[in-house]
Amino acid sequence: MKTILRLALVALSCAPGVHLAAQEAPGAVTLAQARARARQVSPALEAARQIVAAARGSERQAGAFTNPTLSYGYESAGQNGTLNSQSIAALEQPIELTGVRGARREAAGLAREATEARLLAAQAELDFQVTRAYAGAVAAERRAALAERAAGAFQRAQRQSAERLAAGDVSGYEARRIALEAARYAGVRAEAVLERGRARLILGELVAVLADSLVLAGLPGALPAVESVLSADSLAELALRARPEVVAAELEAAAAQAAARAARRERIPVPVASVGFKRERVAGGGGLDGLVAGVALPLPLWDRRSGASAAAVADARERDALLDAERRRAVREAADSYGALRAAETQLAALQPAVGAEAAAALRAAETAYAEGAITLVEWLDAVRAYQEAEASYAALQAEAIVRRAALERATGVALLP
């Protein structure tokens, strides 16, 4: 029995500790490459780019002058066989003196800048989603590898235990316990493989690559501690100054204010100046030619644009309220992300000495102790389980730390990943 268990234990303890630092294989996709690829193929990002293009067109249109109007009129009148006629050709041009066109152009320019900021926000959100999917896929890959090793070791131990049981070398209890552990780790392996496939599908969808063809290089390692890059005192300032969502909300509020000014100026009538040529012919062949000029002024009797002005003012107030809410959310998320990353890095530092080579050494020590009769079969199985859970937890925690770093990167606008 000791020989059987030793074989199972050696299969586990000889496996290196699980770490998520990048170890690039030929053709392996790094996190940076996955993010760059996602930016190229993301439909959401392409939609945001087209919104920016539309806003640029609207800005150009807002600065256009009103087209002139060319008119021509002909009149004729006669009596007792005589005929008089009159022809007038005129060019009419609205004269914008209220500044409404400038206000509209300012509003359109600010709206265009807001869409550009929204594009950056969409890009930051996509980077975060890809980082989360990539880290999840790498962690799932490592957990599946751990479960595969453990399940394989116990399957081999179960086969050899069955042979020894038939020969009377082991007790029925020990054989049943080995079989039970083999079944449990087979279930763990199936669940880990399912989770790995699900994680790869999520990442494959973001980068538009078939999940089965993805080869992941691993997470970036040796990243500086968050305290060396950011301080808690600077988080709020960074979030309010550099977060794209806040910048976009500020520009949208300013655009709404400009639109409200344009709406108020629209209440002032715009005069229309006209200039043209007049030709008049009378009976008997005589006639007169000359110039005509005039000014038309609309009278704001029925439509004073008061409703449009009130709506624009209300929209500006709404944008101000949304800006205030966005600023509060940015400060809160920056603080939350900073605290979560520090907690994850602290847990990693505490757990790191207990995994990898140290965990393998502890597992070999448990094997020796069991072989010498110092611990029971149950204690040895607990040691195997502890090794499996510690390595899997460390893999998950490493991935979580990267995700938290990406969240803080998104919240502050500061690059924290290579």
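Selection of the range 233-253 for residues being crowded, with 21+ Cβ neighbours inside 10 Å and hydrophobic (A, V, I, L, M, F, W, C) yields Leu235, Ala239, Val246, Val247, Ala248, Ala249, Leu251, Ala253.
Condition check for Phe277 on (1) of a type outside the set (Lys, Arg); (2) in a strand (DSSP E or B); (3) without any contact (Cβ under 8 Å) to a residue 60 or more places away in the chain: one failure, at (3).
Quick check: anything in the range 205-215 within 30 Å of Gln398 (Cβ to Cβ), touching a Gly at 6+ places or on another chain (Cβ under 9 Å) and of a type in the set (S, T, N, Q)? Talk me through it step by step, then tell me what you get.
First, pick out the residues of the range 205-215 that are within 30 Å of Gln398 (Cβ to Cβ): 205-215.
Narrowing the set further to residues that are touching a Gly at 6+ places or on another chain (Cβ under 9 Å) leaves 210-215.
With the extra rule that they be of a type in the set (S, T, N, Q), the set shrinks to 213.
The answer is yes, given that some residue of the range 205-215 is within 30 Å of Gln398 (Cβ to Cβ), touching a Gly at 6+ places or on another chain (Cβ under 9 Å) and of a type in the set (S, T, N, Q).
The number of residues in the range 69-112 being more than 20 Å from Asp315 (Cβ to Cβ), of a type in the set (A, V, I, L, M, F, W, C) and surrounded by 14 or more Cβ atoms within 10 Å (Cβ to Cβ) comes to 3. Within the range 184-213, if we keep just the residues that are in contact (Cβ under 8 Å) with a residue 40 or more places away in the chain and small (Gly, Ala, Ser), the residue that is farthest from Glu141 (Cα to Cα) turns out to be Ala208. Each residue in the range 228-243 was checked for being at pLDDT below 85 and assigned to a helix (DSSP H, G or I), and 3 pass.
One residue alone among Ala273, Ala293 is surrounded by 12 or more Cβ atoms within 10 Å (Cβ to Cβ), small (Gly, Ala, Ser) and in contact with a strand residue (DSSP E or B) (Cβ under 7 Å, 6 or more places away or on another chain), and that residue is Ala273.
Residues that are at pLDDT below 90 and acidic (Asp, Glu) within the range 273-325 comprise Glu280, Asp289, Asp303, listed in sequence order.
The values are calculated or read from the model by the stated rules, or taken from the named source; none is laboratory data. Keep in mind that this is a model prediction, so the values were computed, not measured. Here the Cβ is made from the backbone with ideal geometry for all residues, glycine too, and neighbour counts use every protein chain on show.
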